[in-house]
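Have a look at the structure below before the remarks.
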Amino acid sequence: MMTRSQQGRTNRLARPSIAVAAAVAVTAGVVAAAPDAKTAAVAGPKLSLIAASKSVTLDSWKEEPGVYLDLGTYLTSEKGAFEFKVTRKSYKDPVVASQIIRNGKKTTTKVLPAGLVKDFSGLPDFMEVSVVDAAGKSVLKKTESFCPNNASGRVRPDAPANSKFPQSCPANPFTLGSVWGVENGWAANTYAGYYSAPVQLAAGTYTAKISVTKKYRDLFGIANKPQSVKVTVRERSWEQPEGGSGGAAAKVASSSPHAGHAGHQAAADPAPSGHAGHGAPARTDAPAAATTGAGATFNVGHGPYPPAPPALPWALKKQAAEKQAGKDAFGAQGFSAARVGDRAGQTDGSRQAPGAQPNAKRPNGKAAVPNVPKPDLRSLPAYGITVSDGYEDVPGKDYLAFSANVWNAGPAKLVVDGFRSPGKELMDAYQYFYDAKGKQVGYTPTGTMEWDPRPGHEHWHFTDFASYRLLKADKKETVRSGKEAFCLANTDAVDYTVKNANWHPSNTDLSTACGQENSISVREVLDVGSGDTYTQDLPGQSFDITNLPNGTYYIQVLANPENRLKETNHKNNSALRKVVLGGKKGARTVKVPAHHLVNAN
């Protein structure tokens, strides 16, 4: 397995969770005019589309053709938050999205039309973008989805200092519930990021017209006030040094790994991933020019789908520019501060995420399991399933690789502390319990933690957190993954509608959450509503299917296999995913039938 903080090899699985959108101040001088009488009658907050700038410069890279249309437009919300609750009862049921309208102590729920929202990535076809060239000829017209939890910032100084909403829209195909929102007095970037494919635009000047599509204007009472942005597309090359900040920053941003649980991804192309085995599939990050503002960041470094193209926060860009002063564009140290992704104390390039602090000493007194709320560990069905050669130069070997997630349905967070006796290789692990006021009221031994020294890992793993098994058609075990030790982290927002869900979990940064070799104690936490994805793509993690006969099998993801952890329900810890193996030795194939309404391999 690789680590969540770095992954040196390309993951063949497609991947986004828990990611975090960079908060930036949106200083748009003028907000769109008030809606007309027809739209003003619609209940809910006042929504407006604004452009942070009248012009933007976008880069087209020779090595990675295509232009990402981060045009700097935002949706503002005034007179209340633009808020949604999005759920599905089970994988047999469709996704249901409801707008939550709060007016003082009165709360109204408005269910959106059936079938409008099909997943948890945002409102589909919300934005319409049309582009004309300098001669006025139409060269592009497209629609894009909108994630209300996208990169955002305040539009007025008296707005709430922090947004209460999560900082990304989940993209794990087995997400169960989500909360979306643009905070009152805030604005969210309308750019769809990696949910939007790059477009082909030659170097030159253009004019882009951006508007909210009519069905959403009518649904939410948004005035029909399109925004016009002048666009300059410049052709660039990673190999061409440039004195300005754009070239180096972009090169570093594109080459730096979005560390995630390696193998946490699942989308179009493969890209580096994170939780080694904990991860993010492989897809190269789009270079971000120095002029780029806050773009979307979806599950940066975590989750089953790729993150959005990195848009460096201004603070990092300024720091990077200062470091780069006097150096050539690709100086060894230049722009090291501008890297996007998980690393010590940093997740998406803007948010500090220190690991939870463990108790300084071993527990005192007699161990006890008090009658207080406990976590409920559940498994999601496997996804990102593919056949690989295990990255080995051994002809004829076939492995079945997959991503697996164990999440906490609450109502209490899972807290595990490890304590190291001087000179011993293993830490003794204890599970902690808390009352309704957050006071620690008990603890119990729960196994051990071990140090993993392999490059790309280098952190403490809690043993026996989950196990993975390949079952035959009769659901009897045939192969077991050797991976059963994990560093716990909140990589995916699985269901933020459950009781006590934490919309802002802190330990998403693996480099700080999982300790270091010289740590005397470590605390690992799986918060309520969040899950931890590992991708099993290396020999010893994935299943060796070289000599297995073709036919039907089931991938079993089993949480808490030895029942060492105390939880509210031990009967919901297993999830099965059907697969059908075919092909010949050295060229095996796998078909993954839909899991009820979820048709994602």
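The values are calculated or read from the model by the stated rules, or taken from the named source; none is laboratory data. Please read these numbers as outputs of a predicted model, since none were measured by experiment. Quick reminder, even Gly has a Cβ in these numbers, built from the backbone with ideal geometry, and neighbours come from all protein chains shown. Just so you know, the surface numbers come from the protein's heavy atoms only, side chains and all, with ligands and any DNA or RNA stripped out. Shrake-Rupley method; radii C 1.70, N 1.55, O 1.52, S 1.80 Å.
Overview of results
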quantity: Exclusive hit being farther than 20 Å from residue 405 by Cβ and either surrounded by 22 or more Cβ atoms within 10 Å (Cβ to Cβ) or modelled with pLDDT of 90 or more (or both), set 511, 574; calculated: 511
quantity: Single residue of the range 439-464 satisfying the filter (at pLDDT below 85 and of a type in the set (D, E, K, R)) that is farthest from residue 566 (Cα to Cα); calculated: 454
quantity: Single residue of 382, 367, 353, 360 found to be at pLDDT below 90, under 20 Å from the mean Cα position of the chain (by Cα) and either among the hydrophobic types (A, V, I, L, M, F, W, C) or within 27 Å of residue 586 (Cα to Cα) (or both); calculated: 353
quantity: The range 559-569, subset surrounded by fewer than 20 Cβ atoms within 10 Å (Cβ to Cβ) and over 25 Å from residue 87 (Cβ atoms), residue modelled with the highest pLDDT; calculated: 566
quantity: Residue, nearest to residue 183 (Cα to Cα), within the range 94-122, restricted to residues that are basic (Lys, Arg) and in contact with a Gly (Cβ under 8 Å, 6 or more places away or on another chain); calculated: 102
quantity: Any hit, the range 108-123, residues being more than 26 Å from residue 597 (Cα to Cα), outside any loop (DSSP other than H, G, I, E, B) and either of a type in the set (Ser, Thr, Tyr) or in contact with a Lys or Arg (Cβ under 6 Å, 6 or more places away or on another chain) (or both); calculated: yes
quantity: Total residues in the range 120-160, condition charged (D, E, K, R), in contact with a Ser or Thr (Cβ under 8 Å, 6 or more places away or on another chain) and open to solvent by 60 Å² or more (accessible area, probe 1.4 Å); calculated: 3
quantity: Residues that are modelled with pLDDT of 95 or more and polar (S, T, N, Q), drawn from the range 204-238; calculated: 205, 207, 211, 213, 224, 227, 228, 232
quantity: Failed criterion for residue 179 (all others in (1) farther than 30 Å from residue 385 by Cα; (2) open to solvent by less than 20 Å² (accessible area, probe 1.4 Å); (3) in contact with a Lys or Arg (Cβ under 8 Å, 6 or more places away or on another chain) hold); calculated: (1)
quantity: When residues of the range 64-107 are limited to those that are under 20 Å from residue 173 (Cβ atoms), in a loop (DSSP other than H, G, I, E, B) and not β-branched (Val, Ile, Thr), the one most open to solvent (accessible area, probe 1.4 Å); calculated: 89
quantity: Tally, over the range 184-199, of residues that are touching a strand residue (DSSP E or B) at 6+ places or on another chain (Cβ under 7 Å) and open to solvent by less than 30 Å² (accessible area, probe 1.4 Å); calculated: 9
quantity: Every residue from the range 392-416 that is touching a Phe, Trp or Tyr at 6+ places or on another chain (Cβ under 9 Å), open to solvent by 50 Å² or more (accessible area, probe 1.4 Å) and within 29 Å of residue 591 (Cα to Cα); calculated: 392
quantity: Failed item in (1) modelled with pLDDT of 90 or more; (2) assigned to a strand (DSSP E or B); (3) open to solvent by 10 Å² or more (accessible area, probe 1.4 Å), with residue 372 passing the rest; calculated: (2)
quantity: Number of the condition not met by residue 550 [criteria: (1) at pLDDT 85 or above; (2) closer than 30 Å to residue 392 by Cα; (3) buried (at least 22 other Cβ atoms within 10 Å of the Cβ)]; calculated: (3)
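A quick yes/no check of all residues on (1) over 16 Å from residue 560 (Cβ atoms); (2) under 29 Å from the mean Cα position of the chain (by Cα); (3) not aliphatic (A, V, I, L, M):
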| position | (1), (2), (3) |
| --- | --- |
| 401 | yes, yes, no |
| 406 | no, yes, no |
| 410 | no, yes, yes |
| 417 | yes, yes, yes |
| 428 | yes, no, yes |
| 437 | yes, no, yes |
